[in-house]
1. Hey, with R₀ at 41 Å, roughly what FRET efficiency would Val54 and Gln75 work out to, going by the Cβ-Cβ distance, to 0.05?
2. Please report, to one decimal in angstroms, the Kirkwood hydrodynamic radius of the chain built from all distinct Cα-Cα pairs.
3. Could I have the simple spin-label model distance between Asp26 and Asp45, label points 7 Å from Cα toward Cβ, reported in nm to one decimal?
4. Determine which aspartates and glutamates satisfy two conditions relative to Lys58: a Cα distance under 19 Å, and not lying fewer than 8 residues away in the same chain.
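Every read-out reported here was derived from the displayed coordinates using simple, explicitly stated rules and does not represent laboratory data. These numbers were taken from a predicted model, which means no experiment stands behind them. No Cβ is skipped: glycine too gets one built from the backbone with ideal geometry, and neighbour counts run over all protein chains shown.
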Amino acid sequence: MNLYLITRNDDVDYDQYDSAVVAAPDEEDAKALIEQDLYGWTYTDWKYVEKVFVETHKELDITIKLIGTAIDEMQYGIVVASFNAG
């Protein structure tokens, strides 16, 4: 299991994450962890489409960097994250 530092490249707003360290076997799995919570990692746009208020998320803009190897007992998941509470 590897440790990855994930950081956002765009502006961070209130109630969003700006970075995290995750334990994952590879970069794809590390990104998949972040994609499970797009509300916390991307901006949400709301607009009317045919008289219905529709929510969309901007594209995920992150950098993933390998920072080390986890201990054998480490489980897949988020180790620590930086959340900007508002």
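1. Numbers: r = 37 Å, r/R0 = 0.89.
Once the sixth-power term is evaluated, E becomes 0.65.
2. Values: mean 1/r = 0.0722 Å⁻¹.
About 13.9 Å for the chain.
3. For Asp26 paired with Asp45, the spin-label model returns 3.2 nm.
4. Asp10, Asp11, Asp13, Asp15, Asp18, Glu35, Asp37, Asp45
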